Structures are given as C-alpha cells and as structure tokens.
Amino acid sequence: MGIAKTTKNVNLLPILMMLVVTLQIASTDIYAPNFVRMAAFYQSSIVAIEWTMNFNFLGLFVSCLFFGPYSDVVGRRKALLVGFGIFTLASIYACFAGTIYSLWLARFIQGIGGGCAVPVALATFRDLFDNKKYVQWVTLMGLVLSIAPAFAPTIGAHIADLLSWRYNFFLIAALSIFLFFVILIRVPETHLRTKTAAFKSIIQDYKLLLSTREFMMYSLISACTLGGLFVFIVTSPFVYLELTKFTDKEFGYLTALGVLGFVIGGLINRHLIMKYSSYKILRGGLIIVLIGGTLLLTEAYKMPPSGWNIRIFSLFYTFGMAFVFSNAGVYAMTIFPKKTGASASMFNFLELGGSFIFSAVASYSHDGTAWPLCFFTFLAATFAVLCFIVSPRKAD
C-alpha cells in the first residue's frame, strides 16, 4: 500500500469527507419528529417506524466491512464514489416509498451505501495526518456524529410543518445528488493501489484484527458507547412524543440541546490531547458516560417520566462520549498501520454492530414506558467500562 503523492484539493478533502459523514448521519433521524404522522400515513405503529432506523443501521453494519479494504485496493476516491452513489440512489427511492416495507428496503439500501462514509473517512485521515492531527480530526468527526442527529430532527420538524414529512427525504436526496457530483469533480486520490484485490487476504486481515485483543477491546469500548447513543436516537421519539406529550418542534429542540454536552466535551478533548495521554482522557470520559447512564436509569419506570430529566441526564452521557470516540479510535487504528482500510472497516463494523444490537433490542423491548431507553443506555455504558477494565493498559 502507498499514499498518493498529491496536493490537489488536499485542504478541501477532509472537509468534503466530513460533509459525506454529516449527510449520512443526518439521514438517520431527520424524520424522527414525524413518527406519528408517518405511522398514520403507513397505517402502522410507531415501533414499525422505529424499525426504519434499525434497518438503516443494519445496512451500515453489513456494508462497512467491505468499503475499508475496497478502498485499500481501488483507492479512497473510487470506493467513496461507489458507496455514495448507492446512498444517493436509495435516497431518491425513499422519497417515493409507498408502503412501510418499501421504506424499510430503501433505508436498508441507503445504509449499505452510507457504509462507505466513516471507513473511507478514517482511512483518508490516516493517509493525510500524523497521530495528533488524526485524533483532532476524529474528534471533529465525533462532533458530527452527535451534531448531525441532534439538529436534523429540528430541521425535519420545520420542513414537515411547512411542506410535508416526505420533503425530509427529498432534502436528503437533493443534497446527496449535489455532493456526489462535487466528489466526482473535486476529490483527489490519497492512496495509491499497490496490490490487486484478494478476497483471501481481506479475510486474513479481518481474522488478525478479530484475534488481536488490543484492537478488539478499544473497538468495543467505542461500539458500546455509540450503541447507547443510538438507543436514545431510536427510542426517544416515542418517549417524548407519546409519553411526555412534547410537540414535534419541541422534540426537535430537545434533541438539538443534546449536542451541547458533546460539543463542550469535544472542544475540551481537542485541548487536552495536546497535554495528556489518550488513555487518561479515555478513562475519564468513560466514568462520565457511566454517570450519565446511571442517572438515566433513575427515570426508567416513572410514569410519566420527566422529559427534562432524561434530556439533562443524557447530557452527561454525550459529554463523556466526546472523550471516548477519538481516543479509543486512535489506539485501534494505529495497531496495524499498513492495514488502515481493513482496520477502519472492522472498527466501524463493530461500532455499527453495537448500535444495531442495542437499538434493535431496545425497540423489541418496547413496553410503553421509558425503560428501554433508560436501561439499555445504562447497559451500553456499563459494557463500555467493562471493556476498558479488561483492555491492555497504555503507558501514560
């Protein structure tokens, strides 16, 4: 493998990669405030609408193993164009889905294409930056992972009021088409292909990663933490719109408020990484995440639960997450520097696996209370801490 010696649009490239990640993440829940309207249109339950998110996570989970090593073989640019092209076509299809089943399918295919975003972005950052810069960019991407699903519902609520809930899907499709052509015209290659595709070698790379305790533990720390976030994303529309009777706009504003903790934590993390080891920062972040999960657990069986308590307690969780994502990721991604694409794909595969498992089980456990949201967020935080405890200790 080799890194391309090009300076063409290199300063623009990280920004474009962040835009791809932003759009893919925003597409997951821009329509969340419209669950009640969508359920009425499709003559289904809110839980069935929740599964449009879970199927999207499943698509991401399935495809992300492919795009990292594929980008090692054909280059980052081509892998991005293939994946984002699929995402764009599925986004157009979602605009015209006439049944809940066709919407499930559209969201699943959208996830398959969107699976290119994070692995190719992580691999590209590794091509371009040293460890310190890499952590800073991954921290910024972590902010996007929180900001996009936080503000997207607010935008979606206003679009639905002005036009219709379907226009949320039209917006994603239009932005996808625009960004696809920007990538086609402006994105350079950062990675030169030096070997031909070999399915056997990809499998061997994945076996090596899965058998490496250090890689697995730090990946699972991030996976469990992200799983707790996606439990909240999937189950909070029911809690806020049905149990606590917030309006769709109020729900959007409360979701946007949730980004505050992550933004503050991310800004602090970018400063701390220049002074302290990632291990120390990661340890502190996990403690805060566990505090947030424990506080949420106190609202599990209150009827009705306090929507404001849930929002405030979740701020602890998102604040701690900012210290977890990038610092766990830098350890996982630097273990095998010559297998960046495979490492990025497996890391993202485990993250999305955590997201899908926790959110799907939370949806399946729907019982008309806030228990699934509160308990499974707490459980995700607990598992992340346990993974840290058994992970190899890093030198301070």
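The values are calculated or read from the model by the stated rules, or taken from the named source; none is laboratory data. This one's a predicted model, so the numbers in the text were calculated from it and none came from an experiment. All Cβ positions, glycine included, derive from the backbone under ideal geometry; neighbour counts span all protein chains shown. When the accessible area is computed, the model is the full protein with side chains, heavy atoms only, and any ligands, DNA or RNA have been set aside. Shrake-Rupley method; radii C 1.70, N 1.55, O 1.52, S 1.80 Å.
The figures follow:
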read-out	value
Check on ILE109, open to solvent by 50 Å² or more (accessible area, probe 1.4 Å), closer than 28 Å to ALA360 by Cα, under 20 Å from the mean Cα position of the chain (by Cα) and without any contact (Cβ under 8 Å) to a residue 60 or more places away in the chain	yes
Complete set of residues in the stretch 372-396 that are in a helix (DSSP H, G or I) and at pLDDT below 90	VAL390
Selection within the stretch 312-323 - open to solvent by less than 10 Å² (accessible area, probe 1.4 Å) and more than 22 Å from LEU122 (Cβ to Cβ)	SER314, TYR317
Close pairs (6 angstrom Cβ cut-off, 6 or more residues apart or separate chains): touching a residue at least 40 places away in the same chain (Cβ under 8 Å) in the stretch 63-82, among the aromatic types (Phe, Trp, Tyr) anywhere	CYS64/PHE349; LEU65/PHE349; ALA79/PHE67; ALA79/TYR70
Of all residues making up the stretch 324-349, the number that are open to solvent by 20 Å² or more (accessible area, probe 1.4 Å) and either at pLDDT below 75 or outside any helix (DSSP H, G or I) (or both)	6
Residue selected from the stretch 261-294 under the condition of a type in the set (Val, Ile, Thr) and buried (at least 18 other Cβ atoms within 10 Å of the Cβ), by the criterion farthest from PHE383 (Cα to Cα)	ILE273
Enumeration of residues in the stretch 83-104 that are open to solvent by 10 Å² or more (accessible area, probe 1.4 Å), under 18 Å from ALA26 (Cα atoms), among the aliphatic types (A, V, I, L, M) and touching a residue at least 40 places away in the same chain (Cβ under 8 Å)	ILE92
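Conditions tested, residue by residue: (1) without any contact (Cβ under 8 Å) to a residue 40 or more places away in the chain; (2) buried (at least 23 other Cβ atoms within 10 Å of the Cβ).
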position	(1), (2)
CYS224	no, yes
VAL231	no, yes
THR247	yes, no
VAL259	no, no
